[in-house]
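In what follows, a single structure is set out as C-alpha cells and then discussed.
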Amino acid sequence: MAVVATAAAIKAEAAVVIGETIGVALGAIRANKLRSFLTMLGIIIGIGAVIAMMAIGEGARRQIAGQLERLGPNVLTVSPGQQFMGRVDRGENELTARGAEAIVAEGRRIRAVSPEMQRRLQVEFNSRNASLQIVGVWPSYFGIQNVDVTIGRSFTDSEERGRRRVAIVGSNVGTRLQSVSQTMVGKTIQIRGTPFEVIGMIAPKGQQGWFNPDETIFIPLATAQFRVFGTERVNNIYVQATDAQSMESAIADIDRALRKEHRLRPGQPSDFSVRDQASLVNVFQETAQTFTFLLAGIAFISLIVGGIGIMNIMLVSVTERTREIGVRKAMGARRKDILFQFLVEALTLCVAGGILGVGAGMGGAIIVKSSAGWNTAVSPQSVVLAISFAASIGLFFGIWPARRAAKLDPIVALRYE
C-alpha cells in the first residue's frame, strides 16, 4: 500500500510540474503578443497557401469527376493525328463528316456518332454584338453529350442535311448579348452576318474544362461547313458505344472504319487518335495536380522559412531569459523541464499559426470561388495534415533552442546580465 501511495504521489507531482511548465511557456507567449504573432506569420501564410491550393485542386478534381459522370463513361473522342513528311511535322491530318459516316456504317458496337467543328465568331442580336463559340454538330450530338434542350426544340437530320439556318443557344448566350436567352427563341440572330433562327435553348451545363456550353451557339454541321466556316474539316468526332463494356470493340470498329476511309495500308500508322472520356479527364486531373503540387511546394518553402523564423526568435528568447532559466534551475527545475518548456512554446506558436493559417486558407478559397468562379473544396484530411505539419515544424525547429536553454549552467546563467 505504501508503494502504491508513493507512486501515486510521484505521478501527482509530475503532473503539477508539467502543468507549471506549460503555464510558464504560455505566459511567456502572452507577455510578448506582438512578437508572438509576427513569429507565427510565416506559418500562417504557409499553411494558408497550402490549404487554399489543396482546396482549388480538390475542387477541380471533383468538378472533373462530375463532368465524367455527366458525359458518360461510354463516349469516345476521335481527334486528327499529326501528319509528317519525312521528319517534318506538317500539322494535323483532316477529319471530315465522311469519316463519321464510315463509322456509322461499320460500327457494330456503336450507338451514336456526331462530328463537331467549332470556331469563335461575332454574333449580333438586337444591335448587340459578342464574340461567341459557334459549334456545328449533328442532332445526335445532344444525346451523346447529355445536353438537354429545355426550351424550343433541337434541329433535325433533314434540317442538317438541308443546311438550314437554325440555331440552339446556351443558357448564358443572352447575357453575353445583353438580353435573356429564353426570349431569343423564335427570333433571328446574325452569325458572321448570316441570319439564323433560334429554335431552342439548352439547360445550364456549367464550365467543362476549356469549353463552356452555356455560352455556345449550336448549328447544323452542314450549315457550319458550307454557309459559315467554309471548310469540310471537323475538329473531333464523338462516338457513343452501346455500353461501357463495349469500349474496346467500339475502338476497334472506329479504327477499322477510319483506316478504310483514309486508305491506310496494313502496317501504316493511323492518322487519327481515339480517346475515351476517362483518359481526357485523367489529363485534366494530372494537369490540375501538377499545378497544385507546384504551388504547394512554394507554400512548403514558406513554411520552412516560417520555421526558421520561429527558431531564430526562440534563440533570441533563450538569450533574453538566461537569468530566468538560471533562477528556475536554482529552484530545482531539471534539464528536461526547461527543454519541455521551450518545446511547448515553439509547438504552441506553430499550432496556433497553423489554425489561423487554416482559417486564412479557407477564406482565400471562398474568395477565389466567389471572384473567379472556380470550384473549391476543403477536405478534412487537408486540415489535419496542415496542422500536423505545422506541429512538426514547431518540434523540429524548436529542438535546438530548447536544448540550448536546457544545457545552460545555472551559475553562469544567474550571473548573466
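Nothing in this text is a laboratory measurement; each read-out follows from the coordinates by a stated rule. Note that this is a predicted model, so its numbers are computed, not measured. Ideal geometry is used to build each Cβ from the backbone, glycine not excepted, and the neighbour counts take in all protein chains shown.
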Can you compute 3J(HN,Hα) from phi for each residue in segment 257-262, using the Karplus curve 6.51 cos²θ - 1.76 cosθ + 1.60 with θ = phi - 60°, rounded to whole Hz and x for Gly and Pro? 5, 6, 5, 5, 5, 8
Most exposed first by the Cβ proxy, i.e. fewest other Cβ within 10 Å, how do Arg275, Arg335 rank? Arg335, Arg275
Can you sort Met314, Met331 from fewest to most other Cβ atoms within 10 Å of each residue's own Cβ? Met331, Met314
What is segment 184-264 by shape, rounded, prolate or oblate, if you read a ≥ b ≥ c off the alpha carbon gyration tensor as root eigenvalues and call it rounded for a/c under 1.5, prolate for a/b larger than b/c, and oblate otherwise? oblate
For the peptides 215-223, 97-105, what is the packing order when you average, over each peptide's residues, the other Cβ atoms within 10 Å and list the highest mean first? 215-223, 97-105
Please give the contour-minus-distance gain from Ile308 to Ser273: 0.36 nm per residue of separation, less the Cα-Cα distance, rounded to one decimal in nm. 7.5 nm
Want the number for Asp243 to Ala203: 0.36 nm per residue separation, take away the alpha-carbon distance, what's left? 11.9 nm
Give me the percent relative contact order of segment 165-222, please, defined on Cα pairs under 8 angstrom at least 6 residues apart. 45
Note down the relative contact order for segment 112-240 as a percent, whole number, built from C-alpha pairs under 8 angstrom at least six residues apart. 36
Provide the packing ranking of 54-61, 393-400, 266-273, i.e. peptides ordered by the mean count of other C-beta atoms within 10 Å per residue, highest first. 54-61, 393-400, 266-273
Under the rule rounded for a/c under 1.5, else prolate if a/b exceeds b/c, else oblate, using alpha carbon gyration tensor axes a ≥ b ≥ c, segment 112-240 is classed as rounded
Calculated FRET value between Thr175 and Thr290, using beta carbons and R₀ = 25 Å, to 0.05: 0.15
Segment 283-395, relative contact order [Cα under 8 Å, separation at least 6], %: 35
By average C-beta atoms within 10 angstrom, highest first, the peptides 131-144, 234-247, 188-201: 131-144, 234-247, 188-201
Cut-off is 10 Å between beta-carbons; in what order do Thr77, Thr287 appear when sorted fewest neighbours first? Thr287, Thr77
If R₀ is 51 angstrom, what is the calculated FRET efficiency for the pair Trp374 and Thr319, using the beta carbon separation as r and rounding to 0.05? 0.60
In sequence order, calculated HN-Hα J values of segment 246-254 (Karplus, 6.51, -1.76, 1.60; Hz; x Gly/Pro): 9, 4, 4, 5, 5, 4, 5, 4, 4
On a full-extension model of 0.36 nm per residue, what is the gain between Thr183 and Leu264, subtracting their alpha-carbon distance, rounded to one decimal in nm? 24.2 nm
